[in-house]
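Notes follow the structure.
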Amino acid sequence: MAISKEEVLHVARLARLALTEEEVERLTEELGAILDAVSVVGELDLSDVPPTSHPLDLVNVWDEDEPRASLSLDDVFANAPERDGDHFRVPPVGT
Amino acid sequence: MIDTLRLTAEDARGLLERREISAAELHGAYVEAIAERDGELQCYLRTCEEPSGEGIPIALKDVISTKGIETTAGSRILSGYTPVFDATVAARVKAAGLSVLGKTNTDEFAMGSSTENSAWGPSRNPWDPVRVPGGSGGGTAAAVSAGLAPWGLGSDTGGSIKQPSALCGNVGLRPTYGTVSRYGVVAFASSLDQVGPVAKTVRDVALLYAIISGRDPLDSTTAELPEAVALPEGDSLAGVRLAVPKQVADLDAIEPGVRAAFESALETARELGAEVGECDLPLSYRYGMPCYYLVAPAEASSNLARYDGVRYGLRSVAGSYDEMVEKTRDEGFGAEPKRRIMLGTYALSAGYYDAFYGQAQRVRTLLVREHRDALEGFDAIVTPTSPTVAFPIGDKAADPLAMYACDLLTIPSCLAGLPGLSIPCGLSEGLPVGLQLIGPQFGENGLFRVGHALEQALEFDIVPERLR
């Protein structure tokens, strides 16, 4: 199942990946081959089969609604690339 | 003098209890072994020189958050990331007194079957260092085999505990989905990810499973074990019924040497009194891999959306926010995560969702049912763990589909949420072969019992020949 270069670029935009030209070329080829391999799931008529999103039949467990200490702001920002007071600083949005 | 190559965790516990050795001496013996052999094997990304507990040392795969110890999941995008909290499994091993030896290498975000996808370079197989240790948890498996840790924790999505254990000749358990907390474990595919133990013996695996398992209020997908973990004893398999899937005979991917070791282990099982029958898993071997390579990348594309350069990890320099996010992700992720993010995003995108992701989730239902039927009347399903022995580094690196095929035999039961135990069952071309036992949900105790009896009879020497 072929995937076009335009589709790869579209998916890369959805996935927020700034791929290089070389990566786009390689992924177009590789994704085509992988999609070929996985497309066999389409052979089955599964209109009557419910989907499985989780393999255990779990039932709700209710916990007491007890407040717990959360992380301190210093912990929250400990790994931040850039901190500005109580905010994460990022480059300008929407320019 | 402690022989870390042979010392089991249970032996180590005995030495500590009888005060024949101190925890610091024991930890130090492993630090020395790491200094001696890890330059070649590259099992560890970081080591902890000083003991952090009074008990047995342990290695943790680098997807497990450890407070104050850098945790990268094998990715550049998390370089320098130092968790401010412990994953529940890390907290539990610490509460049990275990002393963290270090963080072990993994394919980036646990995506791979060889550790070659680690941004920090591959680990090497202690049996033959030109070969891979398997993956994604190759670092932990190789460390346990090479005497660089008595035991360790891995994580398994489609075979990342069982396959490296097979390739390195040790014991690995992928527990029933939901029995071990995923809180604080770097997420790959949330409906499949499961943390589990790797060790030299089945009893050690059971001991470690007892420490890490059970409901965690911080992970709503966890469940309490219906029965306590029972340490396996005894050497008989009388009354045990094992099933070999019919399809195994026709899988060309299984190397002749692997098949021979597997058949010979089945013969041993019969001698111990087991009844070996046949089950049928036709859909699992045809649709398991395709189903997995839709479900897992779809979930991965969603989980990896959090790496945006804003709150932690790598940030690339750029003039605008959008450019910063896209550049950070392009420069931070390696080839395999990008491939899976792209595949998963495609499978979830408008117009393709029903045909790919939706269809794969329905196939998954069939695999759950098929395994339930196959286990009817049997205690466990048995197959080889990996179709091949450890392969040379670089052999499959350029061909994603060839790498994906490494997990042909481990994937179906992962999709079904079932526990799987890999034990070493012999050698082929001087390299270890693993035997996989798959049980019903919460059937770990049964797997331990069968695995332990087989292990006693097979007498596999877990120390790599070149290190003896």
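The values are calculated or read from the model by the stated rules, or taken from the named source; none is laboratory data. Everything numeric in this text was worked out from a predicted model, so none of it was measured. FYI the Cβ positions are ideal-geometry reconstructions off the backbone, even for glycines, and counts take in every protein chain you see.
Just name the residue that is surrounded by the fewest Cβ atoms within 10 Å (Cβ to Cβ) out of those in region B:352-366 that are more than 8 Å from every other protein chain (Cβ to nearest Cβ) and more than 19 Å from B:Phe188 (Cβ to Cβ).
B:Asp354
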- request: Would you mind telling me which numbered condition in (1) in a loop (DSSP other than H, G, I, E, B); (2) loosely packed, with under 11 Cβ neighbours inside 10 Å A:Glu22 fails?
  value: (1)
- prompt: Are any of the residues in region B:77-87 within 14 Å of chain A (Cβ to nearest Cβ) and at positive phi?
  reply: yes
task: Check B:Gly135 against each of (1) touching a residue at least 40 places away in the same chain (Cβ under 8 Å); (2) out of contact with any strand residue (DSSP E or B) (no Cβ under 8 Å at 6 or more places or on another chain); (3) within 24 Å of B:Leu415 (Cα to Cα) and name the one condition it does not meet.
output: (1)
field: Within region B:2-38, considering residues that are in contact (Cβ under 8 Å) with a residue 60 or more places away in the chain and not in a helix (DSSP H, G or I), the one surrounded by the fewest Cβ atoms within 10 Å (Cβ to Cβ)
entry: B:Asp3
Residues located in region B:418-439, provided they are surrounded by fewer than 23 Cβ atoms within 10 Å (Cβ to Cβ) and either aromatic (Phe, Trp, Tyr) or assigned to a loop (DSSP other than H, G, I, E, B) (or both): B:Glu429, B:Gly430
message: Checking the condition over 22 Å from the mean Cα position of the chain (by Cα), at the interface with another protein chain (Cβ under 8 Å from one of its Cβ atoms), surrounded by fewer than 18 Cβ atoms within 10 Å (Cβ to Cβ) and part of a loop (DSSP other than H, G, I, E, B), which residue from A:Pro50, A:Pro67 passes?
response: A:Pro50
query: What do you reckon, is B:Ala206 surrounded by fewer than 18 Cβ atoms within 10 Å (Cβ to Cβ) and either at pLDDT 95 or above or under 30 Å from B:Glu278 (Cβ atoms) (or both)?
result: no
- prompt: Are any of the residues in region A:23-44 on the phi > 0 side of the Ramachandran plot and either facing chain B (nearest Cβ under 9 Å) or not hydrophobic (A, V, I, L, M, F, W, C) (or both)?
  reply: no
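Kindly establish whether B:Ala298 is more than 9 Å from chain A (Cβ to nearest Cβ), within 21 Å of B:Asp107 (Cα to Cα) and part of a helix (DSSP H, G or I).
Details: more than 9 Å from chain A (Cβ to nearest Cβ): yes; within 21 Å of B:Asp107 (Cα to Cα): yes; part of a helix (DSSP H, G or I): yes.
When the stated conditions are applied, B:Ala298 passes them.
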- line: For region A:1-16, pairs from a residue that is at the interface with chain B (Cβ under 9 Å from one of its Cβ atoms) to a residue that is of a type in the set (Lys, Arg), with Cβ under 8 Å and 6 or more apart or across chains, are A:Ala15/B:Arg329; A:Arg16/B:Arg329
field: region B:325-351, residues that are buried (at least 17 other Cβ atoms within 10 Å of the Cβ), more than 16 Å from B:Leu401 (Cα to Cα) and not β-branched (Val, Ile, Thr)
entry: B:Glu326, B:Lys327, B:Arg329, B:Asp330, B:Gly332, B:Phe333, B:Gly334, B:Tyr346, B:Ala347, B:Leu348, B:Ser349
field: Selection status of B:Val244, among the aliphatic types (A, V, I, L, M) and part of a loop (DSSP other than H, G, I, E, B)
entry: no
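Being closer than 18 Å to B:Ile438 by Cα, in a loop (DSSP other than H, G, I, E, B) and of a type outside the set (Asp, Glu) narrows it down to one residue among B:Gly158, B:Gly172, B:Gly196; which is it? Break it down into steps so the answer makes sense when it comes.
Working: B:Gly172 fails: in a loop (DSSP other than H, G, I, E, B); B:Gly196 fails: in a loop (DSSP other than H, G, I, E, B).
That would be B:Gly158, the only listed residue that is closer than 18 Å to B:Ile438 by Cα, in a loop (DSSP other than H, G, I, E, B) and of a type outside the set (Asp, Glu).
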